[in-house]
Amino acid sequence: MKFVLALHTDNGTSYGVTVPDLPGCFSHGDSLDEAIESAKEAIDFHLEGMAEMGLEIPRPLLIQQHRMNADFADAVWFVVDVDVRRFEGKSEKINITLPKRLLVQIDTCAKARGKTRSGFLADAARGALG
């Protein structure tokens, strides 16, 4: 999942970071690279807390939507990709019915990508859900 970061600096060297899609998720760094890495850790920690409380991960908004917020008027914008799969909860075994030819295509594609059928279908579902 991609999260937008709003970075602010007063001196051009150290940065404060806000993750607008995760209220209360903040970070900082003494350089731009450090601020971005620190933000990824803060997002991970924040999502872990949300998962423990049984909260859903919010869908991130586009940078254009956040830019309209006056609190972020002077922000430098970055987007980071965060693997949120570990916060989705425990896996469950299900029984589904698919046409045989489709199942063969799924298995062939999954194998070519080094994935299991379940992993392939989960990734396809995540992609369809946004």
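The values are calculated or read from the model by the stated rules, or taken from the named source; none is laboratory data. Since the model is a prediction, treat every value here as computed from it, not as a measurement. Positions of Cβ are backbone-derived with ideal geometry, glycine not excepted, and every protein chain shown enters the neighbour counts.
Listed values, structure above:
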| item | result |
| --- | --- |
| Residue in segment 9-22 that is surrounded by 14 or more Cβ atoms within 10 Å (Cβ to Cβ), in contact (Cβ under 8 Å) with a residue 24 or more places away in the chain and of a type in the set (Asp, Glu) present | yes |
| Subset tally (residues that are surrounded by 12 or more Cβ atoms within 10 Å (Cβ to Cβ), touching a Ser or Thr at 6+ places or on another chain (Cβ under 8 Å) and in a helix (DSSP H, G or I)) for segment 26-68 | 4 |
| Conditions (1) of a type in the set (D, E, K, R); (2) assigned to a loop (DSSP other than H, G, I, E, B); (3) farther than 25 Å from Leu121 by Cβ; number of the one not met by Asp83 | (3) |
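Listed here are the residues, each with its yes/no results for (1) more than 17 Å from Leu129 (Cβ to Cβ); (2) in contact with a helix residue (DSSP H, G or I) (Cβ under 9 Å, 6 or more places away or on another chain); (3) not assigned by TED's automatic domain parsing to the domain that holds Ala122; (4) not polar (S, T, N, Q).
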| site | (1), (2), (3), (4) |
| --- | --- |
| Leu7 | yes, yes, yes, yes |
| Asp10 | yes, no, yes, yes |
| Gly16 | yes, yes, yes, yes |
| Ser31 | yes, no, yes, no |
| Lys40 | yes, no, yes, yes |
| Ile63 | yes, no, yes, yes |
